[in-house]
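Here's the structure, in structure tokens; my notes come after.
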Amino acid sequence: MADILLTRAPKNATPLLLLTEKAFGAWAKKKPKRIGQWMATHEFAAKPGTFWLVPDAEGKVERVVAGISETPSLWDIADFSTRLPAGSYALESDAHLAYQEWLALGWVLGAHKFTRYKKAAAPKAKLVLPPGADAKKIARYAASICLARDLITTPAEDMGPEQLADAAVAMAKKYGAKISQIVGDDLLKKNFPAIHRVGRASYRAPRLVDLTWGNPKHPKITLVGKGVCFDTGGLDIKPSSGMYLMKKDMGGAACVLAIAQMVMDAKLPVRLRVLIPAVENAVAGNAYRPSDVITMRNGLTVEVGNTDAEGRLILADALAEASAEKPELMIDFATLTGAARGALGTELPALFCNNDAVADQMLAAGKDMEDPLWRMPLHKPYAKMLDSAIADLNSAPGSPYAGAITAALFLQRFVGDGLAWAHIDLMAYNLAAKPGRPEGGEAQAVRAVYRLIEQRAGIR
Ligand SMILES: [Zn+2]
């Protein structure tokens, strides 16, 4: 980030004037006729996301005029780092500092590139931070979001259960968090049967990563992230079209790690715990089968309805473990169901929550942070769809309806009584690039939940 944001304006920085369409009219009127004519020729009207280079008498760039939306947005100038000519740009705006910081974050997010396998030139347009801007805070958000993106975009060969755990270990080391892992057959000894069952067919051992940080006297918040590093579907194998993107099936874990990094970097007064069940859902002779029954960590028996519904099984063990210490709030992140995408599309994660106050707070935080969520119901009558003839629950009902809801209802059976719990069913991927959001892995619901944790920690 250091190379794309400047904390001090170089002498030759070009002013970048931000105007709404309305304000632009008044500004343009005061300009000499030739400038007005030139803008009209280019049909420039300061529509959000557009910009125009204002020439000086010598034909050099005097300033850039950029159109922004009436309601200020993180994404207003988020792709300018790649579209403006090389140089450094200083915002010219009477908007409050927080908004200008927000724009700077968008600028960095738009400049982010995944460079593990292919070099990419860094964008040449740099932004000068406004005086007094909190550069650390912008860097905290940007680094965490980009970490999640990179983890998700990395193909499964280079991001297996062990490598995903390594990312958590590196983070724990940096911030002085405690971390432990239960790996392979030890999962059976320590009673995490579902994580073992789902992950046992891969030559890469399944594991549960357990990170804790902070003062135990502070509010206990536990985040659980689905870490399926590749999902073939198991014996109920996916078709090619459904399998291609399944490196992103650890997107929940990546988002949870991004939030953990933000919380620890900001030293929020919370006691944070992160649980990541990390597995590969592979096909092999010892793969778990549809119709098998698993006795789960909390004692419930589950008939495997479909081996492609593996995420809820590993999350169930983790939620049962998380519940044991009765945290104030548990939130799980998971790329869980196609049904959630069918209902809400890829850009709007589904929120399920057993506590209305928490849900309202999270939705409001999502709005504030331009990281929207949409609440869906834990509709009790549908719990019947989870009935099994031979076990307490069926993990994947055959019905084509309400798949996101039945998955959430399944998870709820592993949440301890009386505990506040939210479940976020998300895509974690940008199928196409938008300003500030390159194609590839994406940190969804991360800003929203971070904001919620800030509020829980008493930060306004
Ligand atoms: Zn699956």
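The values are calculated or read from the model by the stated rules, or taken from the named source; none is laboratory data. Owing to the predicted nature of the structure, the values given are computational and were not obtained by experimental measurement. Don't worry about glycine lacking a Cβ; one is built from the backbone with ideal geometry, like all the others, and counts go over all protein chains shown.
Across the range 234-249, which residue is surrounded by the most Cβ atoms within 10 Å (Cβ to Cβ) among those that are within 29 Å of R273 (Cα to Cα) and within 8 Å of the ligand (Cβ to nearest atom)?
Step one: list which residues in the range 234-249 are within 29 Å of R273 (Cα to Cα), which gives 245-249.
Add one more test, that the residue is within 8 Å of the ligand (Cβ to nearest atom), and what stays is 246, 249.
On the way: M246: 20, D249: 26.
Among those residues, the one meeting the criterion is D249.
Restricting to helices (runs of 4 or more DSSP H) lying wholly in the range 120-208: which have 1 or more residues that are modelled with pLDDT of 95 or more and farther than 22 Å from I259 by Cα?
Filter on the range 120-208 gives 186-189, 193-199.
Got a number for residues in the range 1-27 being over 18 Å from S88 (Cα atoms) and either touching a residue at least 12 places away in the same chain (Cβ under 8 Å) or under 38 Å from the mean Cα position of the chain (by Cα) (or both)? Before the answer, list the steps.
Going through the range 1-27, the residues over 18 Å from S88 (Cα atoms) turn out to be 19-27.
Going one step further and asking which of them are either touching a residue at least 12 places away in the same chain (Cβ under 8 Å) or under 38 Å from the mean Cα position of the chain (by Cα) (or both), we end up with 19-24, 27.
Residues meeting the conditions: 7.
Looking at A443, A389, A448, can you tell me which residue is touching a helix residue (DSSP H, G or I) at 6+ places or on another chain (Cβ under 8 Å), part of a loop (DSSP other than H, G, I, E, B) and in the same structural domain as L151 (by TED's automatic domain parsing)?
Numbers: A389 fails: touching a helix residue (DSSP H, G or I) at 6+ places or on another chain (Cβ under 8 Å); A448 fails: part of a loop (DSSP other than H, G, I, E, B).
Result: A443 is the single residue among A443, A389, A448 that is touching a helix residue (DSSP H, G or I) at 6+ places or on another chain (Cβ under 8 Å), part of a loop (DSSP other than H, G, I, E, B) and in the same structural domain as L151 (by TED's automatic domain parsing).
Could you tell me how many of the residues in the range 300-313 are within 16 Å of the ligand (Cβ to nearest atom), in contact with an Asp or Glu (Cβ under 8 Å, 6 or more places away or on another chain) and not in a loop (DSSP other than H, G, I, E, B)?
Looking only at the range 300-313, we keep the residues that are within 16 Å of the ligand (Cβ to nearest atom), and these are 302, 304-313.
Cutting the leftovers down to in contact with an Asp or Glu (Cβ under 8 Å, 6 or more places away or on another chain) gives us 302, 304, 306-308, 310-311.
Now drop any that are not not in a loop (DSSP other than H, G, I, E, B), which leaves 302, 311.
The total comes to 2.
For the range 252-272, does any single residue satisfy the condition of being assigned by TED's automatic domain parsing to the domain that holds A172, within 16 Å of the ligand (Cβ to nearest atom) and assigned to a helix (DSSP H, G or I)?
So the first thing to find is which residues in the range 252-272 are assigned by TED's automatic domain parsing to the domain that holds A172, and the list is 252-272.
Imposing the further condition that a residue be within 16 Å of the ligand (Cβ to nearest atom) reduces the set to 252-253.
Then drop every residue that is not assigned to a helix (DSSP H, G or I), which leaves 252-253.
Yes; the residues of the range 252-272 include at least one that is assigned by TED's automatic domain parsing to the domain that holds A172, within 16 Å of the ligand (Cβ to nearest atom) and assigned to a helix (DSSP H, G or I).
If I ask for residues that are more than 16 Å from the ligand (Cβ to nearest atom) and touching a Pro at 6+ places or on another chain (Cβ under 9 Å), which ones from the range 319-335 would you list?
Applying the first criterion (more than 16 Å from the ligand (Cβ to nearest atom)) to the range 319-335 yields 319-331.
Across the range 319-335, the qualifying residues are P327, E328, L329.
Y203 - would you say it is within 16 Å of the ligand (Cβ to nearest atom), surrounded by fewer than 18 Cβ atoms within 10 Å (Cβ to Cβ) and not small (G, A, S)? Lay out the reasoning, then the answer.
On the way: within 16 Å of the ligand (Cβ to nearest atom): no; surrounded by fewer than 18 Cβ atoms within 10 Å (Cβ to Cβ): yes; not small (G, A, S): yes.
In short, no.
Taking the conditions exactly as written (over 27 Å from C146 (Cα atoms), within 16 Å of the ligand (Cβ to nearest atom) and crowded, with 24+ Cβ neighbours inside 10 Å), does A316 satisfy them or not?
It is true that A316 is over 27 Å from C146 (Cα atoms), within 16 Å of the ligand (Cβ to nearest atom) and crowded, with 24+ Cβ neighbours inside 10 Å.
How about the range 258-281: which of its residues are touching a residue at least 40 places away in the same chain (Cβ under 8 Å) and more than 19 Å from I152 (Cβ to Cβ)? Before the answer, list the steps.
First, the residues of the range 258-281 that are touching a residue at least 40 places away in the same chain (Cβ under 8 Å): 258-266, 268-281.
Result: V263, M264, D265, A266, L268, P269, V270, R271, L272, R273.
Would you mention how many residues in the range 336-356 are in contact with a helix residue (DSSP H, G or I) (Cβ under 8 Å, 6 or more places away or on another chain), more than 16 Å from the ligand (Cβ to nearest atom) and not in a helix (DSSP H, G or I)?
Total meeting the criteria: 6.
Of L363, L409, which residue is surrounded by 20 or more Cβ atoms within 10 Å (Cβ to Cβ), assigned by TED's automatic domain parsing to the domain that holds G305 and assigned to a helix (DSSP H, G or I)?
On the way: L363 fails: surrounded by 20 or more Cβ atoms within 10 Å (Cβ to Cβ).
So the residue among L363, L409 that is surrounded by 20 or more Cβ atoms within 10 Å (Cβ to Cβ), assigned by TED's automatic domain parsing to the domain that holds G305 and assigned to a helix (DSSP H, G or I) is L409.
Here is a check on your reading of the model: is R297 within 16 Å of the ligand (Cβ to nearest atom) and not small (G, A, S)?
Details: within 16 Å of the ligand (Cβ to nearest atom): no; not small (G, A, S): yes.
Answer is no for this residue.
List the pairs whose first member sits in the range 28-49 and is free of Cβ contacts under 8 Å to residues at least 40 places away in the same chain, whose second member is among the polar types (S, T, N, Q) and not in a helix (DSSP H, G or I), and whose Cβ atoms are under 6 Å apart, counting only residues at least 6 apart or on separate chains?
The qualifying pairs are P48/S69.
Taking the range 211-232 on its own, how many of its residues are buried (at least 21 other Cβ atoms within 10 Å of the Cβ) and more than 16 Å from the ligand (Cβ to nearest atom)?
7
Need a quick list: strands (runs of 3 or more DSSP E) entirely within the range 49-101 having at least 3 residues that are more than 24 Å from K434 (Cα to Cα) and out of contact with any Lys or Arg (no Cβ under 8 Å at 6 or more places or on another chain).
Values: elements: 51-55, 61-67, 87-92.
Of the strands (runs of 3 or more DSSP E) lying wholly inside the range 49-101, those with at least 3 residues that are more than 24 Å from K434 (Cα to Cα) and out of contact with any Lys or Arg (no Cβ under 8 Å at 6 or more places or on another chain) span 61-67.
Does R289 fit the bill of being part of a loop (DSSP other than H, G, I, E, B), out of contact with any Lys or Arg (no Cβ under 7 Å at 6 or more places or on another chain) and either within 15 Å of the ligand (Cβ to nearest atom) or within 27 Å of R447 (Cβ to Cβ) (or both)? Spell out the reasoning first.
Details: part of a loop (DSSP other than H, G, I, E, B): yes; out of contact with any Lys or Arg (no Cβ under 7 Å at 6 or more places or on another chain): yes; either within 15 Å of the ligand (Cβ to nearest atom) or within 27 Å of R447 (Cβ to Cβ) (or both): yes.
So R289 passes the test.
Restrict the check to the range 358-366 and report whether at least one residue is at positive phi, at pLDDT 95 or above and away from the ligand (no atom under 16 Å from the Cβ).
Keep residues of the range 358-366 that are at positive phi, which gives none.
Within the range 358-366, not a single residue is at positive phi, at pLDDT 95 or above and away from the ligand (no atom under 16 Å from the Cβ).
Restricted to the range 421-460, and to residues that are among the basic types (K, R) and at pLDDT 95 or above, which residue is surrounded by the fewest Cβ atoms within 10 Å (Cβ to Cβ)? Break it down stepwise before answering.
Our first condition is that a residue be among the basic types (K, R); within the range 421-460, this holds for 434, 437, 447, 451, 456, 460.
After this cut, where a residue has to be at pLDDT 95 or above as well, the list is 434, 437, 447, 451.
Numbers: K434: 13, R437: 22, R447: 23, R451: 21.
This residue is K434.
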